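Everything below concerns the one structure shown next.
The values are calculated or read from the model by the stated rules, or taken from the named source; none is laboratory data. Keep in mind that what you see is a predicted model, and the values were worked out from it rather than measured. Using ideal geometry, Cβ is built from the backbone for each residue, glycine included, and neighbour counts are taken over all protein chains shown.
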Amino acid sequence: MMNRTLKRQWSLLWLTAILFGVSNVAFAHSGPLNKLALAACTEKARSQACQYEGVHDDLYIGTCQYMSTALMCVRNQPIQKVVNETNDSEITHKHD
């Protein structure tokens, strides 16, 4: 009898752990709205083209869409890397 109770408790523990893990993944997409994506659609209408540069020199291109009650730029193209236009002669590299 004790063995059956112990197995049931372990089963419930594993089920709880699995459900907790799945729920965390589901909440991953419900975070705060990206301020840069929001700013890209200021003064624009729904479905209008937009783009913004992310914090890691990434260019996001998409259209303005409503998320909750806010209009924000939703990417519909692959993320592009922004190429910094620095001249090699401007970069100095020295070895001691």
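Only one of the listed residues (Ala70, Ala37) is at pLDDT 75 or above and in contact with a strand residue (DSSP E or B) (Cβ under 9 Å, 6 or more places away or on another chain). That residue is Ala37.
On inspection, Ala49 qualifies as modelled with pLDDT of 95 or more and either more than 26 Å from Arg75 (Cα to Cα) or over 14 Å from the mean Cα position of the chain (by Cα) (or both). Scoring Ser30 on the criteria (1) modelled with pLDDT of 95 or more; (2) under 16 Å from the mean Cα position of the chain (by Cα); (3) among the hydroxyl-bearing types (Ser, Thr, Tyr) leaves a single failure, condition (1).
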